[in-house]
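Written below as structure tokens is the structure these notes are about.
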Amino acid sequence: MAGTSRRFVFAFDEGDKDHKELLGGKGAGLAEMTNLGLPVPPGFTVSTEACRLYLADGQVPPELAGEIDAHLGRLESERGKRFGSASDPMLVSVRSGAKFSMPGMMETILDIGLNDASVDGLAAAAGSERFAWDSYRRLIQMFGSTVLGIDPARFSTVLETVERSTGAAGDVDLDAATLRSLVTNYKAIVRDETGRDFPQNPREQLTMAIRAVFESWNTERARVYRRQERIPHDLGTAVNVMAMVYGNLGPDSGTGVAFTRDPATGTPGVYGDYLSEAQGEDVVAGIRTPVPLQDLERLDPVSYAELRRIMALLEGHYRDLCDVEFTIERGRLWMLQTRIGKRTAAAAFRLAIQFLDDGLIDVEEALGRVTGEQLTQLMFPQFDPHIEAKPIATGVPASPGAAVGTAVFDSATAARTDPNVILVRRETSPDDLPGIIAAEGVLTSRGGKTSHAAVVARGMGKTCVVGADGLEIDADRRQFTTTDGVVVREGDTISIDGSTGRVYSGTIDVVPSPVVEYFEGRLDAAVRRRDPVVQAVSRMMIYADERRRLGVHANADTPADAKRARQFRADGIGLCRTEHMFLGERRHHIEELILAESAAEQDKVLAELLPMQLGDFVGILAAMDGLPVTIRLIDPPLHEFLPDLTELSVKVALAEAGGAIDEGDVRLLRAVRRLHEQNPMLGLRGVRLGLVVPGLVAMQVRAIAEAAAARIRAGDDPRPEIMVPLVGGVEEFELMREEIVRVLHDVSESSGIEVRARIGTMIELPRAALTAASIAEHADFFSFGTNDLTQTTWGFSRDDVEGSFFPAYLKKGIFAASPFDSLDEEGVGRLVSIAVEEGRAVRGGLLIGVCGEHGGDPSSVRFFDRVGLDYVSCSPFRVPIARLEAGRAAVLKASSEGDTR
Ligand code: PEP
Ligand code: MG
């Protein structure tokens, strides 16, 4: 498609699957199917570029109308019908399609071109009056709500009233005369709501519909979805205009959706839903419950066989799970859409392995198809399979997981109620998105595996059960009733199992995921062989480990954590926070250290602390024999070890009032006041403590060195590294280093065992990053403390902001994810890059890692790989996730990240 810079419209046979940026996912899929010779109705795509220009300028580019006319002309000659003809009109559909699929986000309008003059012509041409009036009422309803902004309930209320008064069970039972009167009613609603008549000019209908699609890019629910899925806001959407084929032409017509394999489990087979006498979104909207796709084999064996053939062809062509939408018009199959199908985490791993084993993809591509986020989902607990509880209902398992929460019956309450709610709805629509995001799980009484709730929940990794048919949901009374008469009211706890579709009343116990048990080495070999998800994960981990360049270390402070880190295959400990060793029963020692009034008293306390620290380090070094253990000197402000100022003041004041003064408390209070800081995070902590509290660091280093000597004596290979926290300037580090070297030397002398340890620093203040060159002259390694670096770069107090104004910031889209969860690459990441570059310029090969929370965040891991860090360090539980992402980072270019979306 070279030389297309100033063209905005492309016929389906002009594009292909690689032009998603310009044609959107749907347009690219239609183009690809057209080129494969599949039965796609003719049509054209208005590019995302046109949308972007429209959103920027408020008007479409001047060339657009002429281009659309030319393409309409081409459609007319292919179909042998005229758009706007009164006798045998060609109608078109208008569908949005952005680069990334956004289920339910954008609008679809069918039957465009129909009006008062052509409805009879359509009836005559099709030989069905009912069909023509059904199409017209659909057009006014869809156009009215999506283009003219009329509340859809105005139309559906009239429809329901008509259905009730005629005794019809649903829209299929309405006859032509009733549909004709419905059209009259609908037109009156349009006049009433907009002050003008429903537009009769087909070309005007089309222009308005295209603009409405452009504008729907910026609806609140579209923005919410994009923020959730981290899709950029500036892509815009394409618009697909296609000649209509009709699924509402009688019992031999219908519409359906299908997956080439099960998107919930990855099992090969036939998965989909079919609804006869239906158009467009009917099948996913839950208006009527569709039949399983297998039933189509009985209803229309020829179309079914053709569909299976096409699905197999598409899967082989895309080399991936595809989903399709199709319509059957009087026994003739038409393909309306295909794309790479969304899938659950379990299915993603299984499918990657299946396609790899089938020889369709290589290991690199397989790694590209699973993500750290998906692995995270597989590590969540599941319901205990041995539970005896009887389900109160069973539905379709649409997205696996175990969710326990209180039932709520509308999206707004779900979004407000904190936390752990299960959103219970008859069916969901895009308006329910905030509720789905907030909920632990979703339960609906209608719809199949391809319903809105199922697709959205699966995309987000939320537990979801749909189509729990027996449930009678009464949203007004805020309760549901099961077939056995069990009533669950808002606020009652329920448990839903997205793997079996079972719904329980009350709380069901959860058990660890088999994937975690596998990582921990606790899974029985036979179970492991039988569990295809565990199998797939274990193979992908091997591939990732073989390919990754980045080391993955763990943050661990205790021998137990260190053991788990080792089980999870950490390459070492990247952060051992020693302050945790002073909490609990040992806290009073630090209190005594602060209160000590003489050097002798201080030495006594330090001497008491030494054996405790020694014991801790011996345990950790033993667990990590042969691997590096980065031990960080004490970091937090001293006041954290002291009683609360207010509480102690009250205690002392009360004692004074009662005439029973406790001298110890009074001294303590004086110390607490002396050490009180307005901004303790920016106060006396980190290296500053080591520099002003005599003997503290020396004691810690002695404990490390003696522990290492003890392990060497025991025949081990301990590899301690000593890390100085919160350094802002090289002078601080130099002084610390001198003291550390002196103690290491002392211990080597006295024990007769040479103890070696790298001495390095955290880089967690902007000044340290900016002066990395001078610091690197003295430091053996750097480790980025991205928690503090984020706090100090943004000026965000890490303990306060996430609970205060971050929700508002996220809602306003100031950032897509908290910068404490996912590294702010532009700002904090830039400091990281500067420090890496300038540090290594001085000391080539300087060892550099990261030990902030970001070390276990998938997208941050890919960033750290890009800027050349040697390792990431994260909590033991996230080590497998970081290993997988490090493997992916090694084989993927940043541009292919969208693969699994
Ligand atoms: C950091 O700041 O990123 C870090 C690892 O240290 P801490 O979280 O202990 O301040
Ligand atoms: Mg820190």
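The values are calculated or read from the model by the stated rules, or taken from the named source; none is laboratory data. Quick caveat, the model's predicted, so the values are computed rather than measured. Reconstructed Cβ throughout: ideal geometry from the backbone, glycine too, with neighbour counts over all protein chains shown. Remember, those area values only see protein heavy atoms, side chains included, never the ligands or the DNA or RNA. Shrake-Rupley method; radii C 1.70, N 1.55, O 1.52, S 1.80 Å.
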Label-point separation, Val486 to Asp358 (7 Å along Cα→Cβ), nm: 3.9
Per residue, the convex hull enclosing the Cα atoms of segment 1-114 spans a volume in Å³ of 121
What is the extension gain from Arg673 to Glu597, computed as 0.36 nm multiplied by their sequence separation minus the C-alpha to C-alpha distance, in nm to one decimal? 25.7 nm
Starting from 0.36 nm per residue, how many nanometres of slack lie between Arg196 and Arg230 once their C-alpha separation is accounted for? 8.3 nm
Probe 1.4 Å - accessible area at Glu281, Å² to nearest ten: 80
Convex hull of Cα atoms in segment 380-511, direction-averaged projection (nm²): 6.7
If you build the convex hull over the alpha carbons only and average its shadow over all orientations, what do you get for segment 654-716? Give it in nm² to one decimal. 7.6
Longest principal axis of the chain (C-alpha) makes with the long axis of helix 129-146 (C-alpha) an angle, in degrees to the nearest 10, of 40
In nm², what is the average projected area of the convex hull enclosing the Cα atoms of segment 60-185? 9.5
Among Leu307, Cys322, Ala278, flag the residue with its Cα farthest along the positive direction of the charge dipole of segment 254-343, charges on Cβ as +1 for Lys/Arg and -1 for Asp/Glu. Cys322
For His317, His553, what's the largest-to-smallest order of accessible area, 1.4 Å probe? His317, His553
With respect to the cross-link table entries Lys390/Lys462; Lys187/Lys812; Lys390/Lys811; Lys81/Lys187; Lys462/Lys812, which display a Cα-Cα separation exceeding 29 Å? Lys187/Lys812; Lys390/Lys811
Sketch the reach of a paramagnetic label on Ala312 as a point 7 Å from Cα along Cα-to-Cβ, and name the residues of segment 30-53 whose backbone nitrogen lies under 18 Å away. 37-39
Hey, what angle do you get for helix 599-623 against the long axis of the chain, alpha-carbon based, 0 to 90 degrees rounded to 10? 50
P(r) tail fraction, segment 254-343 - alpha-carbon pairs more than 22 Å apart, %: 19
Order of 153-160, 422-429, 851-858 by packing, highest average Cβ count within 10 Å first? 851-858, 422-429, 153-160
Both in Å, the radius of gyration and Dmax of the C-alpha trace of segment 9-243 are 18.1, 51
Where nothing but the Cβ of Lys and Arg (+1) and of Asp and Glu (-1) is charged, how large is the charge dipole of segment 48-154 around its Cα centre, in debye to the nearest 20? 300
Ellipsoid equivalent to segment 165-237 - semi-axes via the Cα gyration tensor, in Å: 34, 19, 11
Translational diffusion coefficient, Stokes-Einstein: compute it for the chain using the Kirkwood radius over C-alpha pairs as Rh, at 20 °C and 1.002 mPa s, and state it as an integer in µm² s⁻¹. 69
Amide N of segment 804-838 lying under 18 Å from the label point, which is placed 7 angstrom from the Cα of Arg866 along Cα→Cβ: 815-838
Go through 483-496, 237-250 and give me the packing order, highest mean Cβ count within 10 Å leading. 237-250, 483-496
If you stretched the chain out fully between Arg830 and Arg6, how much longer would it get, using 0.36 nm times the residue separation minus the C-alpha to C-alpha distance? 293.0 nm
Nearest-5 percent of antiparallel DSSP beta bridges in the chain? 60
Accessible surface, the chain, averaged per residue in Å² (probe 1.4 Å): 40
Pairwise label distance in nanometres, Val692 with Ala70, each label 7 Å out on the Cα-Cβ vector: 7.5
Report the charge-dipole magnitude of segment 314-401 in Debye, nearest 20, computed about the Cα centre from +1 at each Lys and Arg Cβ and -1 at each Asp and Glu Cβ. 380
Shape call, segment 282-390: gyration tensor on alpha carbons, a/c limit 1.5: oblate
Would you work out what percent of the accessible area of the chain, with all protein chains in place, is carbon or sulfur (probe 1.4 Å)? 49
Of the residues Phe480, Leu148, Leu638, the Cα lying farthest along the dipole of the chain towards its positive end, which is defined by charges on the beta carbon of Lys, Arg, Asp and Glu, belongs to Leu148
For segment 843-890, radius of gyration divided by Kirkwood radius, i.e. Rg to Rh on alpha-carbons: 0.96
Dipole moment magnitude, nearest 20 debye, segment 371-490 about Cα centre, only Lys, Arg, Asp, Glu C-beta charged: 140
From the helices alone, meaning DSSP H stretches of at least four residues, give me the mean residue ellipticity at 222 nm for the chain, per-run term -39500 (n - 2.57), in deg cm²/dmol to the nearest 500. -13500 deg cm²/dmol
Cβ-based net charge around Gly868, under 15 Å, with every Lys or Arg adding one and every Asp or Glu removing one: +2
Could you give the angle, 0 to 90 degrees to the nearest 10, between helix 879-891's Cα long axis and the longest principal axis of the Cα atoms of the chain? 60
Working only with C-alpha atoms, what are the Rg and Dmax values of segment 323-370, expressed in angstrom? 14.9, 45
